[in-house]
1. Let me know the Kirkwood hydrodynamic radius for the range 42-110, please, with Cα pairs as the basis and the value in Å to one decimal.
2. Residue 48 to residue 94: FRET efficiency via 1/(1 + (r/R0)^6), r the Cβ-Cβ distance, R0 22 Å, to the nearest 0.05?
3. What distance in nm separates the two pseudo spin-label positions at residue 58 and residue 86, each 7 Å out from Cα along the beta-carbon direction?
4. Assuming 0.36 nm per residue, please report the length gained on full extension of the stretch residue 112 to residue 76 beyond their Cα-Cα distance.
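Taken together, the values in this text are just the output of simple stated rules run on the coordinates, not laboratory data. Remember, it's a predicted structure, so these values are computed and weren't measured experimentally. As a convention, Cβ positions derive from the backbone with ideal geometry for all residues, glycine included, and neighbour counts pool all protein chains shown.
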């Protein structure tokens with residue numbers, strides 16, 4: 001930022017403009033649109049994964065990771081959540097297992113059919 005306005009000043013400005021009826025959105029929702037630093041909150045992806053896991057009937061989906069890989073989840077029986085809730089194991093039909101850090105999941109893609 002130029003003209004003596006620093007990053008913290010800019011974030012404070014975004015926060016003030018984001019307030020609606022005196023309610024301040026949580027800090028993880030602040031991002032500069034179009035910025036390379038603008039990321040989806042991890043909590044939202046974890047919540048979406050829980051919803052996909054619990055869906056009746058189950059719809060197969062692909063976990064897209066930050067490194068570009070896609071991990072298919074064919075059935076809820078192939079998913080093993082860790083007690084901490086931060087990682088899961090995803091088994092594949094050929095007995096391979098992927099251990100996924102849920103903070104690295106960028107998207108869920110549902111597969112119909």
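1. Numbers: mean 1/r = 0.0836 Å⁻¹.
This gives a value of 12.0 Å.
2. The calculated FRET efficiency here is 0.25.
3. Rounded to a tenth, the inter-label distance reads 2.6 nm.
4. Here the segment from residue 112 to residue 76 would lengthen by 11.4 nm.
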